[in-house]
Amino acid sequence: MAAAAARTVATGTARLFAAWSTGSPLPEAADRRCEGVADLAARRARVSQSLAFTDGITATLFGRGDDDPGERERAGHSEMIYDGANAYIRVADRWTGFFLVDPGGPRGINDPLWPMDALFGASDDAVEIGPEAVRGVPATRCRFSVDLARADAALSAGVSVPSGPYRSLRRLPAEVWLDAAGLARRISVNSEPTAAADAQVWSIVELWDFGLAADITPPEPGEVLAPSEAYRLAEEEPQQIIVVHP
C-alpha cells in the first residue's frame, strides 16, 4: 500500500475531490469538502471549498430553499490554495491565510491531500474486500491500518497527526481503492478511531485525470493580507450591481 502512495504521487498531477464522512469510508454528496486540481509532486492543491466543513452543513447554513443553485454555490464556497503546510483563502480579490508557517513542513490534517500522506504509513495487514469502481474506473477495494509514525519516517516533510492516544495513531483504520495500474483512486482514513462507530470521521480523497496540466501558484508573501485586514476591506468595498439589458 505504501508503494501505491509513491506510485500515485509519481504521476505528478490529478483532479481531486475531498470529503469528511461520519461513520463510513464511502462519501455521500453532502460530505464533499472541496474539489479541484492537485500538483502531487509540488505538494499543492487549488480547490473550491465549502465554507462550513462540508457541502451538507454549508447548504443548511446558507439555506436549501434558495431558488438559484448557482448563487448558493457562490455564497457557500471559496477558492483555496494548499501549499505544503500552508493554506491560503481568497477573500474578494485578495489572499489571506491563517497560522502560516514554513510551507516545507507537513501538511495539516485539514489538507485535502492528507490521506495521501497517511497512505505512506500503510501497515502490512491489508485485506482485499473486492472489486468496486471509483468514478467509473474499475478498482480493487482493500482494508488496512495506517501507522502515522511510519508515514512520518517515509516523508521528508513528515506528517501531521490528529488528536488522540498515541497507540491509536499507529493503527488508524483505512481503506484504499487501487486501479489496474496500482494507482490510488480513493483513500479513506479514519482519524477518530476511538470515537463511537457512528461518530468516527473518515478523511477521504479521490483522484482522477492523472497527468493533466495544472499550474498552481501560491500568492507571494507581499500579496497575503492578515485575515482581519482582508475581511475588513471586503466588507468596505461597495457591492457591484450588474444590470442585464434585454
Criterion: within 21 Å of Gln49 (Cα to Cα), touching a Lys or Arg at 6+ places or on another chain (Cβ under 6 Å) and open to solvent by less than 70 Å² (accessible area, probe 1.4 Å) - qualifying residue of Ile204, Ile216:
Ile216
Which one is surrounded by the most Cβ atoms within 10 Å (Cβ to Cβ), of the residues in segment 173-188 that are closer than 16 Å to Ile109 by Cα and in contact with an Asp or Glu (Cβ under 8 Å, 6 or more places away or on another chain)?
Ile187
Output yes when any residue across segment 54-66 is part of a helix (DSSP H, G or I), open to solvent by less than 30 Å² (accessible area, probe 1.4 Å) and at pLDDT 95 or above, and no when none is.
no
It is to be established whether one or more residues within segment 206-222 are farther than 21 Å from Ala45 by Cβ and not hydroxyl-bearing (Ser, Thr, Tyr).
yes
Every residue from segment 124-153 that is touching a residue at least 60 places away in the same chain (Cβ under 8 Å) and of a type outside the set (A, V, I, L, M)
Arg135, Cys142, Phe144, Arg150
What are the residues in segment 88-123 that are out of contact with any helix residue (DSSP H, G or I) (no Cβ under 6 Å at 6 or more places or on another chain), open to solvent by 30 Å² or more (accessible area, probe 1.4 Å) and assigned to a strand (DSSP E or B), if any?
Arg90
Would you pick out the residues in segment 12-48 that are β-branched (Val, Ile, Thr), more than 11 Å from the chain's Cα centre (by Cα) and under 16 Å from Asp83 (Cβ atoms)?
Thr13
Answer yes or no: is there a residue in segment 124-133 that is crowded, with 17+ Cβ neighbours inside 10 Å, modelled with pLDDT of 95 or more and part of a strand (DSSP E or B).
no
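The values are calculated or read from the model by the stated rules, or taken from the named source; none is laboratory data. None of these values were measured; they are calculated from a predicted model. A quick note on method: Cβ atoms are made from the backbone with ideal geometry, for glycine too, and the neighbour counts reach across all protein chains shown. Only protein heavy atoms, including side chains, enter the accessible area calculation; ligands, DNA and RNA are left aside. Shrake-Rupley method; radii C 1.70, N 1.55, O 1.52, S 1.80 Å.
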